[in-house]
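Since every read-out is calculated from the coordinates, none of them should be taken as a lab result. Since we're looking at a predicted model, the values are computed, not measured. Note: ideal-geometry Cβ built from the backbone for every residue, glycine included; neighbour counts use all protein chains shown.
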Amino acid sequence: MIDFLFSQYNGYSTLFLWLEIIAATFGLISVLFATKNNILVYPTGIISTILYVYLLFQWELIGDMLINGYYTTMSFYGWYLWSKKKGDNNDIVLPITKMNNKEITQGVVIFLITTLFVVAIYHFFNKFTSWVAYVDTFTTGIFFVGMWLMAKRKIENWILWIIGDIISIPLYFHKGYTFTSFQYLIFTIIAFYAYKEWKRNLTNKI
């Protein structure tokens, strides 16, 4: 069983192994903070995504690298939005809410633009050599919208994370990155819990 799960790490760089473990660990910590609606989701997430940008560049996984580069940028944006306060009571400017019709349309547009952009990049680098590349374009679109919704504190972000995470579990294992696959497995479990927590928070404010 151990060989089945980790045999792909035979001959793997020790540095890359530890960087993957550290990146996955900080990614999990970040999602746990997100579950609690805690702004520390962003600094911990930035550490994870920056490490993954480097690793994915080394692994030549262009789509995944773009996702994490975008995560890093959106994390700074989300950090700024979540830290804004107003009034004498220092109330949060950006509470948890549901998407409106305009935001649904914007989300669809972001998904389509992202998917088309990744398709163009994959064609340029001749990466459409297996079914994995086609799945990558789909999950990239999902995660781009999910991160945008999280920055805006929209509860629907967790639905997209759940979909993308479930797809990513076997995808990363197939690519040979077991620790990252495990990370997405735990992400999926946490995302279900987080959706319930955010929904409870939203219901209590209505």
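Dipole magnitude of the chain about its Cα centre, charges +1 at Lys/Arg Cβ and -1 at Asp/Glu Cβ only, in debye to the nearest 20?
The dipole of the chain has a size of about 860 debye.
Where in the chain are the DSSP H helices whose C-alpha atoms run 18 Å or more along the long axis and whose mean Kyte hydropathy is at least 0.0?
Once both thresholds are applied, what remains is 14-35, 41-59, 62-83, 101-124, 131-151, 157-175.
Quick check of the Kirkwood formula: for the stretch 32-111, what is the inverse mean of 1/r over all pairs of different Cα atoms, in Å?
14.6
Which of MET99, MET65, MET150 comes first, and how do the rest follow, when ranked by fewest Cβ neighbours within 10 Å?
By the 10 Å Cβ count, ascending: MET99, MET65, MET150.
Can you tell me the Rg and Dmax of the chain, counting just the alpha carbons, in angstroms?
Over the chain's Cα set, Rg and Dmax evaluate to 17.5, 59 Å.
Testing the spin-label approximation: label points 7 Å from Cα along Cα→Cβ at LEU112 and ILE21. State their distance in nm.
4.6
In a GNM of the chain with a 10 Å cut-off on Cα contacts, which of TRP158, TRP148, TRP79 has the highest mean-square fluctuation?
TRP79
Can you list residues whose amide H is under 5 Å from GLU156's amide H, if they're 5+ apart or on another chain and H is modeled 1.01 Å from N?
The answer is MET99.
Under a plain spin-label model, where a point goes 7 Å from the Cα along Cα-to-Cβ, how far apart in nm are SER13 and MET99?
3.8
Just want the ordering: GLU103, GLU60, from fewest to most Cβ atoms lying within 10 Å of their own Cβ.
GLU60, GLU103
Kindly put PHE182, PHE124, PHE187 in sequence by how many other C-beta atoms sit within 10 Å of each C-beta, fewest to most.
Taking fewest neighbouring Cβ atoms as first place, the list is PHE124, PHE182, PHE187.
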